[in-house]
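Beneath this line is the structure, given in structure tokens, with notes to follow.
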Amino acid sequence: MIFARFTEYLDKLEATSSRLSLIDILAQLFSEVSAGDIAKVVYLIQSRVAPFYEPIEMGMSEKLVAQAIARAYGIGREEVLKEYGKVGDLGKVAEKLSAMRHPELGSGSEMPKLVRHDGLGVYDVFETLLEIAKTSGVGTVEKKVNLLAGLLQKMDSVSAKHLARIPLGTSRLGVGDPTILDAFALAKLGDRKNRKELEIAYNKTSDLGLIGEVLWEKGLEGIRKLGVTVGRPIRSQLAERLPDAKTILEKFEGEAHVQPKYDGFRIEIHKKGNKVRLFSRNLEETTSMFPDIIRGVLKQVKAKSVILDSEALAFNPASDEFLPFQETTKRRRKYGIEEMSKTLPLKAFVFDIMYLNGKSLIDMPLRERMKKLEEVIEGDGVLIPQPGEITGSAIRINELFNDALTKGLEGLVIKRPDCGYEAGARNFNWVKLKRHSSGELQDTIDCVILGYVYGRGKRAEFGAGALLVGVYDESKDEFVTVSKIGTGLTDIEWREIHQRADKIKVDHKPARVNSILVPSVWIEPKIVIEVLADEITRSPVHTAGMDRTPSASSGQAGYALRFPRLVRFREEDRRAEDATTVKELIEMYKLQYKKS
């Protein structure tokens, strides 16, 4: 596919504020893409040159991209940065400078001649970006800048705009994974409702490029053969909420498997021979960050190949106690890793096994997987197996719940003993039981920042004075509003929010956002925050849980948070689509007035 044609579609995606239009535009794009290019097109839409779980980054900061733009168009980097300060988008800066330049105007050493290559393909651009990502050693910066500048010189202004955004991950297209799967289904299977099998395969492989490539080359039969593989993370199974042990046992028809619920990092452990890789809940490879867990896996896991699901917490060996999540987050770093692993060691509580010695276990009943788990992990050093307990007694569940709370844990995760591991699913096969009491909302909610309102008074200097936040409606693949937040942030955090949000701001409501309220600035739904509120109420101005197209005068009521305040940022282990769902929010609304 010609890159200029590809970016025409990117322009259409950027301009739309309708999710259904996103699907249609993507399906039209995909219908023009060959099997050889489909994976590359998908990765470029994601501002990537590999699936998210591969640690391949282009490694170009705003200053380096600005330098490449300056070199391509023969002006000083400071001029580019000055223009960037005005418009807040290096893509638009590249578009403007490219449009001002014509081949016949280029001459002399300071005015490089722009040689348009209308036939420049997606393949050529992708391979050059991949070369940028793989460039290392002496002269790395200069090589990366030259490679990007060389591409920019060959492009029309629209192509230059989108190319400049890719290394920075600021494409602003509003396209989520379910949207791409819908478009695959529409383009190749005739109807977006046929995406279910694609989604099942994606949840096992976490690679949309692979899904596209196999669908294009082998059709649904090829998709059905895709399975769990060591080295490709499985998308995490997630839990729903129920109010108490009695209700859970009724739901599970009398028997439940009980494990403690830890507040740490979800770490998926992959081992093949002596090679170990670790992945976060949001599919990022974290292997280099946790050498102590690697050592624990190599010492304790007695299997040639295995995939384990675990939660890692920081541990204080002096006091023999587990530390709060805020302490655990200090382990996510790029430098001083070994030193920190000694100062703040981790324990990984292994609660599931999905693959063992060449065979997928995800369809095996949980009670049988727990037997395998106990056989595979030797001792309880860094890795601590959590085979759990099966019970039919509400009294016993409450005893375990209270024991978890006294240890400073969040509560329990309770599962159907005969369920398989449903990759990427959030359903009532897994239920979390957390502290709550009558008339109050004690549990926190993970929200996504959708925009901000300009600050007034003292907050005027911060740029942002209140945040419009939402939750995720997984049935519609959209973000719906649930509150405006103006408390819980320090002055430093307000400034940080403004700086971070402005890197992903857009000039119209994102296509996957459903909102009656209009903030001063819309941003892409990417920043996840943990929020505590007094209670969940009904509201005519918030769209969470509204059935029809919203309007302030429709008479409908959505769900909203009363007296919300920010607790912490959660992007380190949450993608926007992993935020609290509308379904969860409604369950929490029902639970908050029930006694435990």
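Descriptive notes on the structure:
To keep it simple, each residue is scored yes or no on (1) assigned to a loop (DSSP other than H, G, I, E, B); (2) among the basic types (Lys, Arg); (3) in contact (Cβ under 8 Å) with a residue 40 or more places away in the chain.
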residue	(1), (2), (3)
Ala39	no, no, yes
Tyr43	no, no, yes
Pro51	yes, no, yes
Glu57	yes, no, yes
Met60	yes, no, yes
Lys63	no, yes, no
Ala68	no, no, yes
Arg71	no, yes, yes
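- One residue stands out in region 36-51 among those that are surrounded by 21 or more Cβ atoms within 10 Å (Cβ to Cβ) and out of contact with any Gly (no Cβ under 9 Å at 6 or more places or on another chain): the one that is farthest from Gly150 (Cα to Cα), namely Ile45.
- Out of Leu20, Leu26, one residue alone is at pLDDT below 95, assigned to a helix (DSSP H, G or I) and farther than 25 Å from Gln153 by Cβ. It is Leu20.
- Considering Val297, Val306, the condition of being part of a helix (DSSP H, G or I) and surrounded by 21 or more Cβ atoms within 10 Å (Cβ to Cβ) is satisfied by Val297 alone.
- Taking the numbered list (1) over 22 Å from Arg235 (Cβ atoms); (2) among the aliphatic types (A, V, I, L, M); (3) surrounded by 16 or more Cβ atoms within 10 Å (Cβ to Cβ); (4) more than 26 Å from the chain's Cα centre (by Cα) in turn, Met364 passes all entries but (1).
- Selection count where residues are among the small types (Gly, Ala, Ser) and either in the same structural domain as Asn203 (by TED's automatic domain parsing) or in a loop (DSSP other than H, G, I, E, B) (or both), scope region 256-290: 2
- Of the residues screened, Ala303 is not one that is closer than 30 Å to Ile395 by Cβ and over 29 Å from the mean Cα position of the chain (by Cα).
- Being among the acidic types (Asp, Glu), assigned by TED's automatic domain parsing to the domain that holds Leu148 and under 23 Å from the mean Cα position of the chain (by Cα) is a condition met by no residue of region 27-47.
- For region 531-546, filtered to residues that are outside any strand (DSSP E or B) and β-branched (Val, Ile, Thr), the residue that is modelled with the highest pLDDT is Thr543.
- Pro233 meets each of the listed conditions (1) closer than 30 Å to Asn194 by Cα; (2) touching a Lys or Arg at 6+ places or on another chain (Cβ under 7 Å); (3) part of a loop (DSSP other than H, G, I, E, B) apart from (2).
- The set of residues in region 157-183 being assigned to a loop (DSSP other than H, G, I, E, B) and crowded, with 19+ Cβ neighbours inside 10 Å consists of Thr170, Ser171, Arg172, Leu173, Gly174, Val175, Gly176.
- Exclusive hit being at pLDDT 95 or above, over 23 Å from Thr205 (Cβ atoms), acidic (Asp, Glu) and touching a helix residue (DSSP H, G or I) at 6+ places or on another chain (Cβ under 6 Å), set Glu32, Glu83, Glu95: Glu95
- Those residues of region 383-414 which are surrounded by fewer than 17 Cβ atoms within 10 Å (Cβ to Cβ) and assigned to a strand (DSSP E or B), in sequence order: Glu389, Ile390
- For beta carbons closer than 7 Å, sequence separation of 6+ or different chains, a first residue in region 337-359 that is free of Cβ contacts under 8 Å to residues at least 40 places away in the same chain and a second that is among the aromatic types (Phe, Trp, Tyr) and outside any helix (DSSP H, G or I), the qualifying pairs are Lys347/Phe315.
- Residue pairs meeting the criteria (Cβ under 9 Å; at least 6 apart or on separate chains; first among the aromatic types (Phe, Trp, Tyr), in region 405-425; second part of a loop (DSSP other than H, G, I, E, B) and at pLDDT 95 or above): Tyr421/Ile234; Tyr421/Leu361; Tyr421/Ile362; Tyr421/Asp363; Tyr421/Met364
- Test: Glu374 is surrounded by fewer than 20 Cβ atoms within 10 Å (Cβ to Cβ), of a type in the set (D, E, K, R), in contact (Cβ under 8 Å) with a residue 12 or more places away in the chain and in contact with a Lys or Arg (Cβ under 6 Å, 6 or more places away or on another chain): no
- Some residue of region 370-382 being modelled with pLDDT under 95 and part of a strand (DSSP E or B): no
- Among the residues of region 141-156, those identified as assigned to a helix (DSSP H, G or I) and either within 15 Å of Asp124 (Cβ to Cβ) or of a type in the set (A, V, I, L, M) (or both) are Val141, Val145, Leu147, Leu148, Ala149, Gly150, Leu151, Leu152, Gln153.
- The condition of being in contact with a Phe, Trp or Tyr (Cβ under 6 Å, 6 or more places away or on another chain) and of a type outside the set (Val, Ile, Thr) holds for only one of Leu308, Leu313, that being Leu313.
- Considering only residues in region 215-247 that are of a type in the set (A, V, I, L, M) and modelled with pLDDT under 95, the one that is surrounded by the fewest Cβ atoms within 10 Å (Cβ to Cβ) turns out to be Leu238.
- Gly212 farther than 30 Å from Asn402 by Cβ, at pLDDT below 95 and small (Gly, Ala, Ser): no
- Considering residues of region 547-570 that are modelled with pLDDT of 65 or more, of a type in the set (D, E, K, R) and not in a strand (DSSP E or B) only, the residue nearest to Ile586 (Cα to Cα): Asp547
The values are calculated or read from the model by the stated rules, or taken from the named source; none is laboratory data. Please read all numbers here as calculations on a predicted model, not as lab measurements. Because the Cβ atoms are built from the backbone with ideal geometry, glycine has one as well, and the counts that use them run over all protein chains shown.
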